[in-house]
Each structure stands twice: as C-alpha cells, then as structure tokens.
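A short write-up of the structure that comes next.
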C-alpha cells in the first residue's frame, strides 16, 4: 500500500467513527426530547386538573355550603339584625 491509500483509509475510518458518534448523540438527544415531551404532557394534564379543581372550589354554591356547614354561618335576617345608635 502506498502512502496516499493509507492516508485515505485512515481518513475514511475517522469519518466513519465521527458519523457513528454523531448518530449516537442524535439518538440521545431524541430520547431526551421524547422524555421532555412526555413530562410536558403530564404537567399540562396536572395544570388542567388544578384549574378544574380551582373552578369548582370557587363556585358560590360551594362557598355557601362551606360557610353554613363548617363555619356555622347563617343568612342575614331582619330579626337578628342589631341597629346601633351613635351617642353624641
């Protein structure tokens, strides 16, 4: 083998190895991308669930039930209203 052939063979091996390394890096990056997309979908589902829960907790009927049952509050009635007069 002459010197030019040997040089071209070494360059070919180097190019092949760099191609394999680049493909491996691309595969690893693609796997990371897929994992990140799966995590994004999970977080979006959790966000939607939390928004739904917040809407349900902020409904006026729910607030009224909590006020009556847990806080033992009752609606305003004229019989229970106290009027105070200012003394000068």
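Here, each number is a calculation from the coordinates, and none is a lab measurement. Bear in mind that the values here come from a model prediction, so they are computed numbers and not experimental data. So basically every Cβ, Gly included, is an ideal-geometry build from the backbone, and we count neighbours across all protein chains shown.
A few comments on the model shown:
- Of all the numbered requirements in (1) assigned to a helix (DSSP H, G or I); (2) touching a helix residue (DSSP H, G or I) at 6+ places or on another chain (Cβ under 6 Å), residue 43 misses one, and that requirement is (2).
- Options 48, 71, 84: the member that is without any contact (Cβ under 8 Å) to a residue 60 or more places away in the chain and within 24 Å of the chain's Cα centre (by Cα): 48
- Residue in region 72-85 that is assigned to a helix (DSSP H, G or I) and surrounded by 10 or more Cβ atoms within 10 Å (Cβ to Cβ) present: no
- Condition met for residue 54 (loosely packed, with under 10 Cβ neighbours inside 10 Å and in a helix (DSSP H, G or I)): yes
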